[in-house]
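Worksheet: the structure to be examined is printed underneath.
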Amino acid sequence: MHQSTNLPDIAELFSKLSDREQQVITLVCNGLSDKEIADNLGVTEATIKIHLRAIYEKLGPRSMFELMITLADRRRRKA
C-alpha cells in the first residue's frame with residue numbers, strides 16, 4: 001500500500017487536529033460507526049462526515065481503511 005505521507009509528517013499533522021477531530025479519530029479507532037460516533041458526541045452524522053473530511057485533508061489518507069492503518073502504524077512505532 002502506498003502512503004502519501006511519511007510517519008514523522010503524520011505525527012506532526014496529527015498534533016494539529018482539533019480536539020473534536022481527535023475525539024472522532026479515537027472513536028473511529030474503537031470501531032464505532034459514523035452514527036455511533038455522532039450519538040456519542042451529541043452531533044449529527046453529517047457533522048461527523050465533515051470532521052472526517054477535515055481529518056483526511058490534514059493527514060492525507062484517502063479512506064477510512066487507510067486512516068486506520070496510518071494510525072495503527074503510528075501507534076506501533078511509538079511503542
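Only one residue in I69, I37, I50 is surrounded by 12 or more Cβ atoms within 10 Å (Cβ to Cβ), of a type outside the set (D, E, K, R), over 13 Å from F14 (Cα atoms) and at pLDDT below 80, so which one is that? Only one candidate passes the filter, namely I69.
Taking (1) under 15 Å from K16 (Cα atoms); (2) at pLDDT below 85 in turn, C29 satisfies each apart from (1).
The values are calculated or read from the model by the stated rules, or taken from the named source; none is laboratory data. All figures in this text were calculated on a predicted structure; none of them were measured in a lab. Don't worry about glycine lacking a Cβ; one is built from the backbone with ideal geometry, like all the others, and counts go over all protein chains shown.
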